Amino acid sequence: MAELGEGMERRKKMSIRQSEIQFKKLDELKGELEMDEHQIPLQELFQRLELANPENGLTNEQAAEFLIKYGYNELTPPKTTPEWVKFLKTMFTGFSLLLWLGAGLCYIAYGISLLEVEGGEKDNLWLGIVLMSVVIITSVFTYYQESKSSSIMESFKNLVPQHAVVVRGGEILNINAREVVKGDVVKVKFGDSIPADIRIIQCHGFKVDNSSLTGESEPQSRLPEFTHPNPLETKNLAFFSTSAVEGTATGVVILTGDNSVMGRIAGLASGLEAGETPIAKEISHFIHLITGVAVFLGVSFGVVAFALGYTWIKAIVFFIGIIVANVPEGLLATVTVCLTLTAKRMAKKNCLVKNLEAVETLGSTSTICSDKTGTLTQNRMTVAHMWFNNEIYEADTTEDQSANMFARSSKTPRGLSLCPIRPLKKCNGDASEVALLKCAETTVGNISALQKENPKLVEIPFNSANKYQVSIHKTSDPKDDFLLMVMKGAPERILERCRTYLKRGEEYEINSRFLDDFDKAYLDLGGRGERVLGFADLKLKKAMYPESYPFNADDPNFPLMGLRFLGLMSMIDPPRAAVPDAVAKCRSAGIKVIMVTGDHPITAHAIAKGVGIITPNCYTVEEVATLRGIAVEDVNPDEARAIVVQGEKLKNYSPEDLDQVLRHHYEIVFARTSPQQKLIIVEGCQRTGAIVAVTGDGVNDSPALKQADIGVAMGIAGSDVSKQAADMILLDDNFASIVMGVEEGRLIFDNLKKSIAYTLTSNIPEISPFLIYITMSVPLPLGVVTILFIDLGTDMYPAISLAYESSELDIMKRRPRNAKTDKLVNQRLISIAYGMIGMFQALAGFFIYIVIMAENGFWACDLLNIRERWDSKAVNSLADSYGQEWTYYQRKRLEQTCHTAFFISIVVVQWADLIISKTRRLSLFTHGMKNWVLNSAIVFETVMAAAIAYLPFMSQLNVQYVRPIYWLYPMLYCAFLWMADEMRRYILRMHPQGFVERETYY
Amino acid sequence: MASAASHISGYSTTSSALYQSTLASTGIQRETFGDRMTQTKNWLFNPEDGTVMGRTPIDWILVIGGFILFIFTLMGMSAAFCAVFYWVVDWNNPTLQGAASILQTPGLGFRPQPDVTTTLVRFVKGDGSSYVHYLDHIEAYIQYYENELQVGDNYKDCSEIRTRRTEELNKVCVFDPIVLGGDCVKQQNYGFDDGQPCILLKLNRIFNWKPEEYTNDTVPSIIRNVWTAEDPWWITVRCDGDVRSPLIVSAIGGFRAPCIPGQLLMITLPSGLCPSDTLIAHDH
């Protein structure tokens, strides 16, 4: 085995060396996007791109040349791992490796015995074959479970646009998007996907949906001007595979394919190797322990055997036999089935687990890095507040908006509801307009009717220079002698066009007091992270502006000043209803929830407060400073438990700085983060020893999802890419499902402990007969076949049934397990299973062995050193203690009867073991026997044991009829064992932290 | 690692990468072999806490003491169970006899068999040292049947009984070694000198065995010609030679069944059938 370890070490080293060569490349990917194409003047860019005439675009020759030079504009998929390699991987990892080793040793033992005995000892051969079958069957099962997830790049491919409109050689061509090259001039209109990363040359009302890239819910307007050094924030870039929502634009391609921003994310996400899951680590730790015990027993008894005068060949066969006997044959299957059952249960609760081992990971999670948009929030703008009559009214932001508590009675100005200028059918256009409409619908009522009654005559659309939108309507009341002009837009812009304001139906001149109130309200709403819009109206006298008046929107020929200010409305993407509760549960479960979002810090902070990621009495440095009225620098950093970190700042952080932030703050929000930074934050958390879950829905989250110990994607809102990168998908997009996942994960961890404790126990009654056989030379009390009946037969279902056990204490009130100290299998579990329960079972078995031998004529003392004569086929008349003489076959029948009875006694004592394993601390009387799967398992194993012992054809498998009374003897031990363990647990409860707990609580 | 390698080659040259975690380059380092050695050393003996293998000596004593106490209690309990059981059990007659016993029918044993691992009797004719251990083994067995040892109330002459024994079942039938024949005596070295050794066949002793006699209808064809209805209590023994040896040994002899409850012994001498120096006897 040492050799094996060395080999692996060497291979690891080699692969590390290989990876160093590639290391720089990925580091480059992980680094922030460094580019200046959006900063330099257009002319310089054209020169750099060898674009002679932006009007005519590239010549066809240039295009062809660049295509060869830079390659196609597509995402190169990584070479996928062949299916058979994946299959072999499932077959040769962790537990399976141990069983393979066991099988190999069996064959070696068989080979050695061929030298000794004619025909060899077939038992070893069969055992080897059985072990191999177990591995293969379990691997096929696991492979089948996991094969459903396919490669990440596939889903990225779906994002890639099909066609692009380019200008080449002065002609407008519709070409395949993969042929677009750097320097191409492309034309994009609403509804298109952007074919590559482009810099806008000119545009008209152009808006793009960047949500998959940055997490911003609302469409972003694009302009030819450079506005921000950060490429993701500047307005003059549009990105590969994002979609144009409104308007048209012409741009020049600056990056294509794998080099594009999206391509880099794809490269990052698919380049990341998912690390070992916590449960895989636990299982390898368990294997270390088991191997340690096995080798220790094997070596010591091998030496003893040699000292007792066995030949060295015999000693080696014994050594191998002991090691193999320690292998828990059925445990691999048990663990797999337990995890599958939990995965199924979670799937029923809308939590789809892609990777079986990830089932437990949520339970170990100590930090959740959650994306904001779509995960914590509803991903739709909703009117949250209104300000009019100098009062802030709260709007209903719940998902169904059923509770309409908002002050309808107060006379809502008509303008507020008319202002949403677009008709309803265009609802899907702008998120904020949808929000306004919905709000109006709930407060005023039938909006479409209202709009019909008040037909729109003209409209000035919103543009980023004016920052307002105007429309003129005919009023519904024909007696009105005016047309109504309504305006909405940035509040300060609206206000500066107003002369009067409306308060409780009365119109007042704007005075300084109103301006103060306005500023206060505006700051207040803005400070809540909400997007604030101002509303104003103006009555246009029909005398001056009849309906037939030729209104001109492009060059307004009507007044836009002296309006009447109506009020403010503010919108936010509100948190999902279940989220605050879920966050609170996470917190009480000791899990740190960190928000990582691409959105603005103020919005992020507001939502964080709204959902409880930042709790009310927790302040950031800035808040402390404001509260105390001191400078930010003077605040003692220890007082601020919360922090909002911006991506801009994060960029300059060293890993140590990040660690500082993560270690010293309990409530953290990362805002304005790039996909790369999300990844770095996840790594930072992992560096501090946390087991990190990441939730996200966008493409931008996919690298972080992949890097996380468990990535959780959203099933409805989530992009395909994020779903592929994740280990788990929340089918109902409900963050609260994560809490359920944590609970299930913790439960399965506890229950796996119980399962393993239960299964390991029978190792002692299985090994000890062999050890006694070697050292005392008695007839073998328990045979290989019966051992397999236990491990792969009667023990399986009960062990699995423990997965259905309900939790003992409130598992959501304790802290997440410490991955370093709280092991799945620890020394205490082994000492309880082996040292206590196993001993009971072994003694029960030996007792029945002694009884059967004595009843048939062999007293225990006469069995010592009988082995050579007993096992010799030549001896046909072996005298027992009464002088009866036994032929070889009669002796073997007696021996097999003992094996069967020993087997039955193990099964019987396993009843008690199963009941003991149900609880680790509680008494059976408080916990109850409500697990009906487990109760049926007791019946099942008993029936199965009876079938094995009594079905006629079973004698083919070296099992013999045993007298029914032999079932009673082990029941004595069964009762004593149960009482002993109840007592142990009683002491454990009475003396917490005492000796018994320290030594026996696993 | 295989899949990681495929990522490298598969990805385009511009962005190809194998993920190297910053976890390795900062913060937590991967354990080196030296670290492990130090840890192991510390585990074996930690001078700071005075712990040996993770426990202080007192802790060890407590744990080991507790375990030993537990084991002894458990063993004591089992020993008590055993004591009760042995106290209950009959020391003179096996608890399970006859039909309840696994034995059911007696097997056939033979002498000499000084080596328990083989049934082969192998010697060189005339070379006394090559078969002296066989002689000793036969002698050790046959001395129980010295005539002077078979007297007393416990013995009974069964030679004339031809039916199922119904009375005096607790008495042992006398076995007269004379039936072994003249060559099968110590003076003749049990035929070994002549290369025609005596092999003693014996029916295994079984408590409460009730043999069933064949009738005319049930007698198997294989022994039909040696079986007679007048003497159904004659147990026929058939000896088949080993195919590997050039000589096919086939002999039919027998025992008288009514004598069974006692120590029964009959000897068949396959002399004349075994012309070779080496006799290979297999039994089944």
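The values are calculated or read from the model by the stated rules, or taken from the named source; none is laboratory data. Worth saying up front: this structure is predicted, and the values here are computed from it rather than measured. Because the Cβ atoms are built from the backbone with ideal geometry, glycine has one as well, and the counts that use them run over all protein chains shown.
Values computed for the structure shown
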item: Residues of region A:342-372 classified as part of a helix (DSSP H, G or I) and either modelled with pLDDT of 90 or more or buried (at least 20 other Cβ atoms within 10 Å of the Cβ) (or both), total; result: 10
item: Filtered residues of region A:947-975 (kept if over 15 Å from A:Thr897 (Cβ atoms) and among the hydrophobic types (A, V, I, L, M, F, W, C)); result: A:Ala947, A:Leu951, A:Phe953, A:Leu968, A:Met971, A:Leu972, A:Cys974, A:Ala975
item: Qualifying residue in region A:613-622 (condition: surrounded by fewer than 21 Cβ atoms within 10 Å (Cβ to Cβ) and touching a His at 6+ places or on another chain (Cβ under 7 Å)); result: no
item: Any hit, region B:143-157, residues being more than 14 Å from chain A (Cβ to nearest Cβ), touching a residue at least 40 places away in the same chain (Cβ under 8 Å), in a helix (DSSP H, G or I) and in contact with a Pro (Cβ under 8 Å, 6 or more places away or on another chain); result: yes
item: Hits in region B:79-105 (condition: at the interface with chain A (Cβ under 9 Å from one of its Cβ atoms) and of a type in the set (Phe, Trp, Tyr)); result: B:Phe81, B:Phe85, B:Tyr86, B:Trp91
item: Residue in region A:279-301 that is of a type in the set (Phe, Trp, Tyr), in contact with a Phe, Trp or Tyr (Cβ under 7 Å, 6 or more places away or on another chain) and in contact (Cβ under 8 Å) with a residue 12 or more places away in the chain present; result: yes
item: Within region A:787-815, considering residues that are in contact with a Ser or Thr (Cβ under 7 Å, 6 or more places away or on another chain) and at pLDDT 90 or above, the one surrounded by the fewest Cβ atoms within 10 Å (Cβ to Cβ); result: A:Met796
item: A:Leu339 being at pLDDT below 85, part of a helix (DSSP H, G or I) and either more than 17 Å from A:Ser768 (Cα to Cα) or not polar (S, T, N, Q) (or both); result: no
item: Filtered residue count, region A:866-891, keeping only those that are touching a residue at least 60 places away in the same chain (Cβ under 8 Å) and assigned to a helix (DSSP H, G or I); result: 4
item: A:Phe903 vs. criteria more than 14 Å from chain B (Cβ to nearest Cβ), aromatic (Phe, Trp, Tyr) and without any contact (Cβ under 8 Å) to a residue 24 or more places away in the chain; result: no
item: Qualifying positions in region B:114-125 - facing chain A (nearest Cβ under 7 Å) and buried (at least 18 other Cβ atoms within 10 Å of the Cβ); result: B:Thr119
item: Selected residue [aliphatic (A, V, I, L, M), buried (at least 20 other Cβ atoms within 10 Å of the Cβ) and closer than 21 Å to A:Arg264 by Cα] from A:Leu58, A:Leu67, A:Leu75; result: A:Leu75
item: Subset of region A:822-844 [within 11 Å of chain B (Cβ to nearest Cβ) and without any contact (Cβ under 8 Å) to a residue 12 or more places away in the chain]; result: A:Gly835
item: Test: A:Leu450 is assigned to a strand (DSSP E or B), among the hydrophobic types (A, V, I, L, M, F, W, C) and surrounded by 15 or more Cβ atoms within 10 Å (Cβ to Cβ); result: no
item: All positions within region A:526-585 that are acidic (Asp, Glu) and surrounded by 20 or more Cβ atoms within 10 Å (Cβ to Cβ); result: A:Glu530, A:Asp537, A:Asp573
item: Verdict on A:Arg989 being charged (D, E, K, R), surrounded by fewer than 17 Cβ atoms within 10 Å (Cβ to Cβ) and within 13 Å of another protein chain (Cβ to nearest Cβ); result: no
item: Some residue of region A:277-293 being under 30 Å from A:Ala704 (Cβ atoms), part of a loop (DSSP other than H, G, I, E, B) and not charged (D, E, K, R); result: yes
item: Residue list for region A:348-371, filter: touching a residue at least 24 places away in the same chain (Cβ under 8 Å), within 19 Å of A:Met714 (Cβ to Cβ) and out of contact with any strand residue (DSSP E or B) (no Cβ under 7 Å at 6 or more places or on another chain); result: A:Lys349, A:Asn355
item: Single residue of B:Val89, B:Val63 found to be of a type outside the set (Phe, Trp, Tyr), modelled with pLDDT of 90 or more and surrounded by 13 or more Cβ atoms within 10 Å (Cβ to Cβ); result: B:Val89
item: Hits in region A:628-638 - residues which are in a helix (DSSP H, G or I) and either at pLDDT 80 or above or not aliphatic (A, V, I, L, M) (or both); result: A:Arg628, A:Glu633, A:Asp634, A:Pro637, A:Asp638
item: Within region A:859-892, considering residues that are more than 7 Å from chain B (Cβ to nearest Cβ) and of a type in the set (Asp, Glu), the one nearest to A:Leu782 (Cα to Cα); result: A:Asp871
item: Matching residues in region B:95-120 - criterion: being more than 19 Å from the chain's Cα centre (by Cα), not hydroxyl-bearing (Ser, Thr, Tyr) and not in a helix (DSSP H, G or I); result: B:Leu96, B:Gln97
item: B:Gly76, sole failed condition from (1) surrounded by 12 or more Cβ atoms within 10 Å (Cβ to Cβ); (2) within 11 Å of chain A (Cβ to nearest Cβ); (3) not in a loop (DSSP other than H, G, I, E, B); result: (1)
item: Qualifying residues in region A:976-1002 (those that are free of Cβ contacts under 8 Å to residues at least 12 places away in the same chain and over 17 Å from B:Phe67 (Cα atoms)) - the one farthest from the chain's Cα centre (by Cα); result: A:Met979
